[in-house]
Amino acid sequence: MIPYGKQSIDQADIDAVLNVLQSDWLTQGSKVPAFEDAVASYCKAEHGVAVNSATSALHIACLALDVGSNDIVWTSPISFVASANCALYCGAKIDFVDIDLNTGNMSVFELEKKLLLAEQNNCLPKVVIPVHLAGQSCDMQAIHQLATKYDFKIIEDASHAIGAKYLDKPVGNCEFSDICVFSFHPVKIITSAEGGMAVTNDDNLAKHLKRLRSHGITSDKSEMTDASHGPWYYQQIELGFNYRMTDLHAALGLSQLTKVDEFVKQRHHLAKIYDTHLDLNLVRPLQKIYTCYSAYHLYIIQLNNSDTTRHKNAVTQLRAAGIIGHVHYIPIHLQPYYQALGFKVGDFPNAEKYYQGAITLPLHPSLKEQEVHFVLNTLQQILN
Ligand SMILES: *Cc1c(COP(=O)(O)O)cnc(C)c1O
């Protein structure tokens, strides 16, 4: 079977993890801060805060931006459920902004329309979470302008997008956001097995994120309520979690990071083969925006004239041929849990239309060129 995504692990990665296993520190050693500094420096942000998943990073990012039970958070309905769940963890309300059908990303037009309405009804969001679908950045400059006008904060869900660029600068530099979150799950661009990171340029946010990932505990005297009892002393000053990344995971992440540009380049090379050979009478790829260099986490196509049956048959027949076609994503608002919150079919028509035609074709750095051609030929046969 040809998977839609897969990690690429080499001997250097293995050695890096073995070295940590043989060292004194399996967790809370030097590898975590080294990985944080390396990611922050790679994407030109001031601080990195490593955690055990992007889901955890999104959760503490919301908390650090003070999202609570009286607040509203908006994200894209075409994302993994974690992009929305993080708001609910904080007791906040979640709502969605419909997508641009050409890119699958949050539509700035829909965002502005919804903000105007929300202003009149006094229910503006505290935080908006744009998701860089498939590794292509959202229009962050435009979203940032709206954030200034309507006074909301921005968390970029860049789980797909380490190694991507926006306006020639690395995604994660936080020029147009407060916090940016990466995932290092094995299907993503680089992996630490499980793992994630929040990057930010704000000193206080970084400090707060670090406290939240480790029980809300501080060893910083300036944050304590009274004098130290001695060298062992620490204080818990708020409710945090154990969301820490281990040194084993950080060592793998560090080793993988040295290959991120190479991985993304190979993803582009393979995507180009799809681009060149796809039959545009049958399918079309997501539109590429000239201000973006995608990390190409996913290669997503849309079936022309799709309906539920045609869509289901196409993915089923791909799988029968040994190709794991996938669908990214089922609109979050249509998940039973979200429908029970009051969302319903018809709420976000572009997202629903997109879902009916979306297929993710295999794309990862160790995919062979002849496998790409096999996928193309099989797809052509199925759709004709
Ligand atoms: C993978 C993913 C996440 C969650 O990442 P984990 O590291 O598995 O928690 C969140 N958002 C998006 C868009 C993702 O693709």
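The values are calculated or read from the model by the stated rules, or taken from the named source; none is laboratory data. Since the model is a prediction, treat every value here as computed from it, not as a measurement. Every residue, glycine among them, receives a Cβ derived from its backbone with ideal geometry; neighbour counts consider all protein chains shown. Heads up: the accessible areas ignore ligands, DNA and RNA and are worked out on the full protein's heavy atoms, side chains in. Shrake-Rupley method; radii C 1.70, N 1.55, O 1.52, S 1.80 Å.
For Ile94, the conditions (1) more than 26 Å from Arg284 (Cβ to Cβ); (2) in a loop (DSSP other than H, G, I, E, B); (3) open to solvent by 10 Å² or more (accessible area, probe 1.4 Å) all hold with the exception of (2). Here region 116-172 is the region considered, the condition is being of a type in the set (Asp, Glu) and surrounded by 21 or more Cβ atoms within 10 Å (Cβ to Cβ), and the residue that is nearest to the ligand (Cβ to nearest atom) is Asp157.
Restricting the first member to region 1-26 and to residues that are part of a loop (DSSP other than H, G, I, E, B), and the second to residues that are open to solvent by 60 Å² or more (accessible area, probe 1.4 Å), the beta-carbon pairs closer than 7 Å and six or more apart or on different chains are Tyr4/His326.
Let's see how each residue does on (1) within 12 Å of the ligand (Cβ to nearest atom); (2) touching a Pro at 6+ places or on another chain (Cβ under 6 Å):
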{"site": "Gly29", "(1), (2)": "no, no"}
{"site": "Ala38", "(1), (2)": "no, no"}
{"site": "Ile72", "(1), (2)": "no, yes"}
{"site": "Asp98", "(1), (2)": "no, no"}
{"site": "Asn105", "(1), (2)": "yes, no"}
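Take the conditions (1) among the acidic types (Asp, Glu); (2) modelled with pLDDT under 95; (3) under 21 Å from the mean Cα position of the chain (by Cα); Glu262 misses just one of them, which is (2).
In region 307-370, counting only helices (runs of 4 or more DSSP H) that sit wholly within it, the ones holding 3 or more residues that are more than 23 Å from Thr103 (Cα to Cα) span 308-320, 336-339.
In the condition set (1) closer than 28 Å to Gly135 by Cβ; (2) touching a strand residue (DSSP E or B) at 6+ places or on another chain (Cβ under 8 Å); (3) open to solvent by 80 Å² or more (accessible area, probe 1.4 Å), Thr225 is compliant with all but (1).
Residue by residue through region 40-60, note down the ones that are more than 12 Å from the ligand (Cβ to nearest atom) and open to solvent by 10 Å² or more (accessible area, probe 1.4 Å). Residues satisfying the conditions are Ser41, Tyr42, Lys44, Ala45, Glu46, His47. Residues that are acidic (Asp, Glu) and either out of contact with any His (no Cβ under 6 Å at 6 or more places or on another chain) or assigned by TED's automatic domain parsing to the domain that holds Glu110 (or both) occur at least once in region 367-376. Any residue in region 183-204 that's basic (Lys, Arg): show its pairings with residues that are at pLDDT 95 or above and more than 10 Å from the ligand (Cβ to nearest atom) at Cβ separation under 7 Å, as long as the two are six or more apart or on different chains. Qualifying pairs under 7 Å: none. Among the residues examined, Val199 qualifies as assigned by TED's automatic domain parsing to the domain that holds Lys114, assigned to a strand (DSSP E or B), modelled with pLDDT of 95 or more and away from the ligand (no atom under 12 Å from the Cβ).
Quick one: which residue in Leu286, Leu252 is out of contact with any Lys or Arg (no Cβ under 8 Å at 6 or more places or on another chain) and in the same structural domain as Arg213 (by TED's automatic domain parsing)? Give the steps one after another, and end with the answer.
Values: Leu286 fails: in the same structural domain as Arg213 (by TED's automatic domain parsing).
Testing whether each residue is out of contact with any Lys or Arg (no Cβ under 8 Å at 6 or more places or on another chain) and in the same structural domain as Arg213 (by TED's automatic domain parsing) leaves just Leu252.
Number of residues in region 265-297 that are assigned to a loop (DSSP other than H, G, I, E, B) and out of contact with any Leu (no Cβ under 6 Å at 6 or more places or on another chain): the value is 13.
List the number of the failed condition for Ile300; all other conditions in (1) part of a strand (DSSP E or B); (2) open to solvent by 20 Å² or more (accessible area, probe 1.4 Å); (3) of a type outside the set (S, T, N, Q) hold. Only one criterion is unmet by Ile300, namely (2).
Considering only region 145-196, state which residues are small (Gly, Ala, Ser) and part of a loop (DSSP other than H, G, I, E, B). Working first, answer last.
Here is the first cut: in region 145-196, the residues small (Gly, Ala, Ser) are 147, 158-159, 161, 163-164, 172, 177, 183, 192-193, 195-196.
The answer is Ala158, Ser159, Ala161, Gly163, Ala164, Gly172, Ser177, Ser192, Ala193, Gly195.
Check off (1) within 14 Å of the ligand (Cβ to nearest atom); (2) open to solvent by less than 20 Å² (accessible area, probe 1.4 Å); (3) within 21 Å of Thr27 (Cβ to Cβ) for Ile179 and give me the number that stays unchecked. The failed condition is (3).
The residue that is least open to solvent (accessible area, probe 1.4 Å), among those in region 325-347 that are among the hydrophobic types (A, V, I, L, M, F, W, C) and touching a Ser or Thr at 6+ places or on another chain (Cβ under 9 Å), is Ile332. Reported count of residues in region 88-117, each being without any contact (Cβ under 8 Å) to a residue 60 or more places away in the chain and more than 23 Å from Gln145 (Cβ to Cβ), is 6.
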